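Bear in mind that the values in this text are calculations on the coordinates, not laboratory data. Keep in mind the model is a prediction, meaning the values are calculated, not measured. Methodologically, a virtual Cβ is constructed for each residue, glycine included, from the backbone with ideal geometry; neighbour enumeration extends over all protein chains shown.
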Amino acid sequence: MVVGSGIAGLTAALHAVASGCRVTLVTKDALEHANTRFAQGGIAGVMFDDDSAAAHLRDTLVAGAGLSDPEAARVLVDEGPARIRELIAWGVAFDREPAGGFVKGLEAAHSYPRVLHAGGDATGSAIERALVARVRAAAVRIVEPAFLRDLVVEAGRIVGVDLLVGDGSAPVRERIAADAVILATGGAGQLYAHTTNPPVATGDGIAAALRAGAAVVDLEFVQFHPTVLPGSAAEAPFLVSEAVRGEGAVLRDEQGRRFMLEVHPDAELAPRDVVARTIAEVMAAQDGRPVLLDATGLRPTRKQTTAFLAARFPTIDAAVRERGDDWAREPIAVTPAAHYLMGGVTTDLSGRTSVPDLYAVGEVARTGVHGANRLASNSLLEGAVFGARAGDAVAADVRSGAWPDPAG
Ligand code: SIN
């Protein structure tokens, strides 16, 4: 049983089917409505000859502020390229240069522009589409929409899920037995007033795991994305990808001062927690008013900047213009917003939790790769790498009945 339908859950389901499991996938909205489809910047991975796993590992550990698990981070960067190639084989068309090579993307705290993207700034949506199509074509039973009420525990092992099946008007309670459950329920951004996360990100998977007795850790490590179009009564907050700063956009206070220059040698491309904290301080000093993201100088003329922004960031460009702003002409107001939960259900390197027959993958899990601050575009990668590992492990685990001691 897989609960959740973002990159981690869908990948786990596909790998579990390939390793011989009969898989049921439960999702609380339509399959496509996971947080994955809102990921803009891309997926990080060592896909170029002049990049290296050592450099990606170093960047991951530095961004994690020394609190990552180095072994988990090593698995992430070593196995990342194979998972990215798998996504390509499954139909994800990452953006390419006219000569055929991948377009390189730079994001904060990366020492190399190793972020691949699709549709400019629609990477998550391209990945979600391809994986959903593959899962729908595979021998996976899909239950949608179905809310995870609880995990069912007997004699200390997980034996199934207790669901509310159907939409909000007349849900039906249903219990489905399972030899193993892979939680892929995502994060908890909706706990915050301002978040980039969609309505489904309510943390209920972590709550269910806690009630089942699973260990959780690092829940205090919540990442705030620095640059989000502020929400209002009429509009939800809207993410402005770090890739915009990777292309050269800068941050300014109300007076036009480029404040990040004084804070970190990498200025706007400092680790995300550094930038978000600094923006919060600047906002406090200007009575809570947003700071400004200045993308007006990305090309020599306004006309060229307009064309560049529309081509490179079509989704963001449309959202900015819908709000009546022309970001090629003047800087736009941005604030930080809750974005990603680094902590979660404690797992080993194959997604196993402290409760036998319960796995956790993706944002609901705490594999240890992100430490106190996730490196940009490592989240899709983590979902793919550890989703695959859990899917690969589950059949053999169920057959053997063994469950390694997570502390060992
Ligand atoms: C972004 O595009 O800035 C978000 C990417 C991420 O959260 O890794």
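Table for the structure above
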read-out	value
Global size of the stretch 1-154 as Cα Rg and Dmax, reported in angstrom	16.9, 57
Square roots of 5 times each gyration tensor eigenvalue, C-alpha, the chain, largest first, Å	36, 22, 20
Normalised alpha carbon radius of gyration of the stretch 105-263 [divisor 2.2 N^0.38 Å]	1.35
Choice from 36, 196, 306 showing the highest fluctuation, given a GNM over the chain with Cα pairs closer than 10 Å	306
Estimated 222 nm signal from helices in the chain, with DSSP H stretches of n ≥ 4 weighted -39500 (n - 2.57), rounded to 500	-10000 deg cm²/dmol
Rounded to whole Hz, the Karplus (6.51, -1.76, 1.60) HN-Hα couplings of the stretch 170-176, x for glycine and proline	8, x, 10, 7, 9, 10, 10
Alpha-carbon centroid distance for the pair the stretch 1-60 / the stretch 113-162, whole angstrom	8 Å
Antiparallel bridge percentage (DSSP; both residues within the chain; nearest 5)	70 percent
Trypsin sites (Lys or Arg not before Pro) restricted to DSSP loop in the stretch 198-267 with at most 15 other C-beta within 10 Å	257, 258
Trypsin sites (Lys or Arg not before Pro) within the stretch 263-335, DSSP loop, no more than 16 other Cβ atoms inside 10 Å	323, 329
Highest average packing first - 202-209, 219-226, 135-142, 164-171, Cβ atoms within 10 Å	202-209, 219-226, 135-142, 164-171
For residue 102, residues with placed amide H under 5 Å, excluding near neighbours	97
Those trypsin sites (Lys or Arg not before Pro) in the stretch 1-64 that DSSP places in a loop and that have at most 14 other beta carbons within 10 Å	22
Spatial separation of Cα centroids for the stretch 241-259 and the stretch 302-363, in angstrom	16 Å
